[in-house]
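Working notes for the structure below.
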Amino acid sequence: MLSKSMQKALNGQIQKEFASSYLYLAMAAYCETKNLPGAASWLKVQAQEEWGHGMKIYEFVNDRGGTVTLQAIEQPPAEFGTRVEVFQAVLAHEQKITAAINDLYALALKENDYATQIMLQWFITEQVEEEKSVSDIVELLKMAGEHMVVVDAQLGKRAAG
Ligand code: OFO
C-alpha cells in the first residue's frame, strides 16, 4: 500500500511525464514548421517515450492499491529558437526531470518504501541515458555548421521505442 505522501508525489510525477510528452510534441510541431523533419521525428519518438513513462507510474500506483489523480498540463510554448536551442531546452528539461526523480527516490528511502525504490531505479537509469543522448545531440548540432542537413537526417533515423 502506498503512503498518502508517496501517492501524491507519484501523481505529481505522472503529470511531469505527460507534460514532457506534450512539450516534446510542441517542439516537434515547431521543427516541422522549420523544415527539420529529422528533429521533428526524433522529438515525436521522445514524446511517445514520455507517454510510456507516465503510464509506467500510472500502472505502478494502481498495482500498489493507490489512486491515480490526473493533473492539468499547461500549454507549452510554440517557439523554441534555433535548432541548437531546441535541444538545449530538451536537455534543461531532462535535468529538471532527473532532479524530480531523485526527490522521489529520497522520499521512498525516507519512507522505507522498497517497492517504489525498485520501480524508480528504472527511471534513474533512464535519466542517465536521456541526458547523455540529448547532450550528445547538442554537441553534434553545435559542430555541424553547414552539415546541418546531414545531422537532421541522422536524427530522423531514431526508431520508435
Ligand atoms: Fe521521462 O524521461 Fe524524459 O522527461
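Taking helices (runs of 4 or more DSSP H) that fall entirely within the range 79-161, which contain at least 3 residues that are out of contact with any helix residue (DSSP H, G or I) (no Cβ under 8 Å at 6 or more places or on another chain)?
Once the helices (runs of 4 or more DSSP H) in the range 79-161 are filtered for at least 3 residues that are out of contact with any helix residue (DSSP H, G or I) (no Cβ under 8 Å at 6 or more places or on another chain), what remains is 83-110, 114-144.
Can you say whether Gln95 is open to solvent by 40 Å² or more (accessible area, probe 1.4 Å), under 17 Å from the mean Cα position of the chain (by Cα), at pLDDT 95 or above and farther than 25 Å from Gln121 by Cα, as far as the supplied structure shows?
Criteria not met by Gln95.
Just checking, which of Gln88, Gln121, Gln127 is modelled with pLDDT of 95 or more, surrounded by fewer than 17 Cβ atoms within 10 Å (Cβ to Cβ), within 16 Å of the ligand (Cβ to nearest atom) and within 20 Å of the chain's Cα centre (by Cα)?
Gln121
Just one of Gly54, Gly66 is assigned to a loop (DSSP other than H, G, I, E, B) and small (Gly, Ala, Ser); which is it?
None of the other options fit; the residue is Gly66.
For the range 1-38: of the residues being under 14 Å from Pro76 (Cα atoms) and among the charged types (D, E, K, R), which is nearest to the chain's Cα centre (by Cα)?
Of everything passing the filter in the range 1-38, Glu17 is nearest to the chain's Cα centre (by Cα).
Looking at Gly52, Gly38, Gly81, Gly65, which is the one that is open to solvent by 30 Å² or more (accessible area, probe 1.4 Å) and touching a Leu at 6+ places or on another chain (Cβ under 8 Å)?
When all the criteria are applied, what remains is Gly65.
The values are calculated or read from the model by the stated rules, or taken from the named source; none is laboratory data. This is a predicted model, so every value here is computed, not measured. Note that each Cβ is placed from the backbone with ideal geometry, even for glycine, and that neighbours are counted across all protein chains shown. These area figures cover heavy atoms from the full protein model, side chains too; ligands, DNA and RNA do not enter into them. Shrake-Rupley method; radii C 1.70, N 1.55, O 1.52, S 1.80 Å.
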